[in-house]
Amino acid sequence: QVQLVESGGGLVQAGGSLRLSCATSTAVFSHNAMGWYRQAPGKQRELVADITASDYTNYADSVKGRFTVSRDNAKNTMYLQMNDLRPEDTASYYCLIYASSWFGKPTGNDQWGQGTQVTVSS
């Protein structure tokens, strides 16, 4: 199986910034769309941002203008720059690699990382 490892989470005050990374070791990284999702306790997992291998991006309305997703295919790594963080951003953030070149609703064919915790204090 493809291994996805998130890092960069932590505790930050409201208004602060964090950068998450998702590293993977796979020969197909450059072909597949990837995404960031998050899940707070008691809530469903929700999309944060998607990015294709050609850097076409898609953002949830709640993070537009604050978060930026990017990827470095040569390093097999995807990033999420999070600025102006708010307490409602508190969640476990998960990296996803889609089974196709495009993004959409996750399926059983897609693969998830283990998650990294982001906590925003007020």
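The values are calculated or read from the model by the stated rules, or taken from the named source; none is laboratory data. Note that the structure is a prediction, hence the values are computed from the model and not measured. Quick reminder, even Gly has a Cβ in these numbers, built from the backbone with ideal geometry, and neighbours come from all protein chains shown. The accessibility values were calculated without ligands, DNA or RNA, using every heavy atom of the protein model including side chains. Shrake-Rupley method; radii C 1.70, N 1.55, O 1.52, S 1.80 Å.
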Counting only residues in the range 48-62 that are in a loop (DSSP other than H, G, I, E, B) and touching a residue at least 24 places away in the same chain (Cβ under 8 Å), the one most open to solvent (accessible area, probe 1.4 Å) is identified as 62
Going through the range 63-102 one residue at a time, which ones are touching a Lys or Arg at 6+ places or on another chain (Cβ under 9 Å), open to solvent by less than 10 Å² (accessible area, probe 1.4 Å) and closer than 12 Å to residue 29 by Cα? 78
Return the residues of the range 1-32 that are β-branched (Val, Ile, Thr), open to solvent by less than 30 Å² (accessible area, probe 1.4 Å) and in a loop (DSSP other than H, G, I, E, B); say none if nothing qualifies. 26
Residue that is farthest from the chain's Cα centre (by Cα), among those in the range 83-102 that are closer than 11 Å to residue 12 by Cα and not in a loop (DSSP other than H, G, I, E, B): 87
Going through (1) more than 13 Å from the chain's Cα centre (by Cα); (2) open to solvent by less than 30 Å² (accessible area, probe 1.4 Å) one by one, residue 35 fails only at (1)
For residue 48, state whether it is at pLDDT below 95, closer than 16 Å to residue 115 by Cβ and in contact with a strand residue (DSSP E or B) (Cβ under 7 Å, 6 or more places away or on another chain). no
Please specify each residue of the range 38-47 satisfying the condition of being part of a strand (DSSP E or B) and open to solvent by 20 Å² or more (accessible area, probe 1.4 Å). 39, 46, 47
